[in-house]
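Notes follow once the structure below has been shown.
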Amino acid sequence: MEFRDLEDLIKTRRSIRRWQDKPVPEDMLLKAVELATWAPNGGNRQNWYFYIITGKETINAIADAVQASVDLMATWPEAAEFGDTFKSYSQFSTFFRSAPAAIAVASCRYQSIADRLLELREGVDPKAKEMREWRNIADSRIQSTAASVACLLLILHQMGLGATWMTGPIQAAGAIEKILKVKPGWEIVAFIPAGYPDEQPRPGKRKPVAEVAEVVP
């Protein structure tokens, strides 16, 4: 692949939220996941598991679970503080119901040697406690899973499919895990509806690199 081709792939990817009523071949989704597992990951633990969902009943069940969580949040008096903003959020939470396919990504918790050492030490050493808090800001399992999802989105785009990375459904993770019969000890951390795009969103603006990066000598 030429560099320009890679640049074009990255810059033309869009978050797709409307899809054609057309099934996605399972072999395409399986190939996309296979390639996504080549993403960098902490300690090469490959601490991820992908649930490839193609059944409309399952997608609807997940959407129902997410909607139930949103409806519950709407009953809380604190929701009134957000006014129309929360109403828009609640109306937009289950757009993926129309997706012909979805991929739920699970990960399991684990402790590295450094985590175990810091846990043993933190009770007697404030510095160890501080170091452990820093590591918990972005633990390696979330970093690893995020890397695989980023790759997955580009792979799906290259295949002519459209997808979007959702974290909102995680508020209903317990129900989703029951629907998907997620393995004990594993937790859903990302949800990606996918299909053949039925929209062409305009390119989003990006901040100039000078605003988001600096070279440190």
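Values in this text are rule-based calculations from the coordinates and carry no lab data. What you see is a predicted model, and the numbers here were worked out from it, not measured in a lab. Here the Cβ positions follow ideal geometry from the backbone for every residue, glycine too, while neighbour counts run over all protein chains shown.
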(request) Within the stretch 145-167, count every residue that is under 9 Å from the mean Cα position of the chain (by Cα), surrounded by fewer than 19 Cβ atoms within 10 Å (Cβ to Cβ) and outside any loop (DSSP other than H, G, I, E, B). (result) 2
(request) Inspect all residues belonging to the stretch 62-81 and state whether any of them is of a type outside the set (Lys, Arg), closer than 17 Å to ILE192 by Cβ and in contact with a strand residue (DSSP E or B) (Cβ under 6 Å, 6 or more places away or on another chain). (result) no
(message) Could you go through the stretch 106-128 and let me know if any residue there is within 27 Å of ARG13 (Cα to Cα), in contact with a Ser or Thr (Cβ under 7 Å, 6 or more places away or on another chain) and in contact (Cβ under 8 Å) with a residue 60 or more places away in the chain.
(response) yes
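Return the residues of the stretch 130-144 that are hydroxyl-bearing (Ser, Thr, Tyr) and either farther than 28 Å from ASP27 by Cβ or surrounded by fewer than 18 Cβ atoms within 10 Å (Cβ to Cβ) (or both); say none if nothing qualifies. Explain how you work it out, then say what you get.
Pass one, the stretch 130-144, residues hydroxyl-bearing (Ser, Thr, Tyr): 140, 144.
Residue satisfying the conditions is SER140 alone.
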(request) Check GLY123 against each of (1) under 19 Å from VAL189 (Cα atoms); (2) in a loop (DSSP other than H, G, I, E, B); (3) not polar (S, T, N, Q) and name the one condition it does not meet. (result) (1)
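Can you tell me which of ARG109, ARG121, ARG132 is within 29 Å of GLU34 (Cβ to Cβ) and among the basic types (Lys, Arg)? Don't jump to the end; show me each part of the working.
On the way: ARG121 fails: within 29 Å of GLU34 (Cβ to Cβ); ARG132 fails: within 29 Å of GLU34 (Cβ to Cβ).
Among ARG109, ARG121, ARG132, only ARG109 is within 29 Å of GLU34 (Cβ to Cβ) and among the basic types (Lys, Arg).
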(request) Kindly provide the set of residues from the stretch 14-70 that are on the phi > 0 side of the Ramachandran plot and among the polar types (S, T, N, Q), ordered by number. (result) ASN44, GLN46
(message) Quick check on my filter: what residues within the stretch 63-96 are aliphatic (A, V, I, L, M), touching a Ser or Thr at 6+ places or on another chain (Cβ under 9 Å) and closer than 24 Å to LYS178 by Cβ?
(response) ALA63, VAL66, VAL70, MET73, ALA74
